[in-house]
Amino acid sequence: MSAAFPRVARQVPSKRLFSTERPLRQAHSSLAQELQGIFRPSMGVKSQKADWGKMVAKRAQTFGIYATGMTCILGWPWACQWALDGHIH
């Protein structure tokens with residue numbers, strides 16, 4: 001190789017089709033900016049008291065829907081046996 005090769009190689013612009021360095025650096029900086037607000041203590045914000053009435057009502061509604069659905073899904077063979085008992089030969 002000639003001594004001029006490194007000089008010529010530096011003059012030719014590199015055309016990278018894909019670089020992982022730049023997107024990773026951008027993601028890291030944007031993540032750091034998002035996390036800056038998380039670790040600061042919030043001033044003047046007080047926690048709310050639990051609303052037990054709403055929570056119990058929501059759980060009761062969920063249980064009612066869940067119990068009905070599970071009864072339908074798991075109970076249909078028993079219901080068919082009971083309804084058709086002795087009627088099919």
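Laboratory data are not the source of any read-out in this text; all were calculated from the coordinates shown. Quantities reported herein were computed from a predicted structural model and do not represent experimental measurements. FYI the Cβ positions are ideal-geometry reconstructions off the backbone, even for glycines, and counts take in every protein chain you see.
If you go through the stretch 40-59 and pick out every residue that is in a helix (DSSP H, G or I) and exposed (fewer than 10 other Cβ atoms within 10 Å of the Cβ), you end up with 3. Residues in the stretch 66-89 that are exposed (fewer than 10 other Cβ atoms within 10 Å of the Cβ) and either at positive phi or not in a loop (DSSP other than H, G, I, E, B) (or both): 73, 74, 77, 81, 82, 83, 86.
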